[in-house]
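To start, the structure under review is shown below, and the notes come after it.
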Amino acid sequence: MGVGDVYSGLVSVASGSYVDLRPSLGTEASVHNIYASGTINLIWTDGTNQITFDTLTGGGVYAKFSFHVNYNYWVRIANPSGTIYVGWDGIYTK
């Protein structure tokens, strides 16, 4: 992926599971929008330490944000209940 290319995805996330917005080693991305069809917790993590920094109840969108993620530090989207869909989009910055 090159700088300026779209970084995006759309996945089904089972209850109690999560999806990591974690680009591959050597790349970085800025996530601008996160979409969810149900309740999610947003977690900043390095894989060992975690900070839950927000909860979106009932689904919706985080629009026009700029979450900077790389292989070492990323956003984890956790699903506390029921199977939901989660999507995101942004751009590669490195």
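Derivation of every value follows stated rules applied to the coordinates shown; laboratory data play no part. From a predicted model like this one, the values you see are computed outputs, not experimental measurements. Because the Cβ atoms are built from the backbone with ideal geometry, glycine has one as well, and the counts that use them run over all protein chains shown.
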Notebook entry, point to check: Can you give the net charge of the other residues whose Cβ lies under 15 Å from the Cβ of Thr27, counting K and R as +1 and D and E as -1?
Noted result: -1
Next item on the list: Would you list the P(r) distribution for the chain, with all Cα-Cα distances sorted into 10 Å bins from 0 and each bin expressed as a whole %?
Entry: 18, 52, 27, 2
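For the stretch 5-92, with only Lys/Arg (+1) and Asp/Glu (-1) charged at the beta-carbon, what is the dipole magnitude about the Cα centre, in debye rounded to 20? Before the final figure, lay out each step's value.
Working: 3 positive and 6 negative charges, 30 e Å.
For this selection, approximately 140 debye.
Hey, what did the stretch 5-92 get for relative contact order, percent, Cα under 8 Å, at least 6 apart?
Values: 234 pairs, mean separation 44.9, N = 88.
With pairs under 8 Å counted, the relative contact order is 51 percent.
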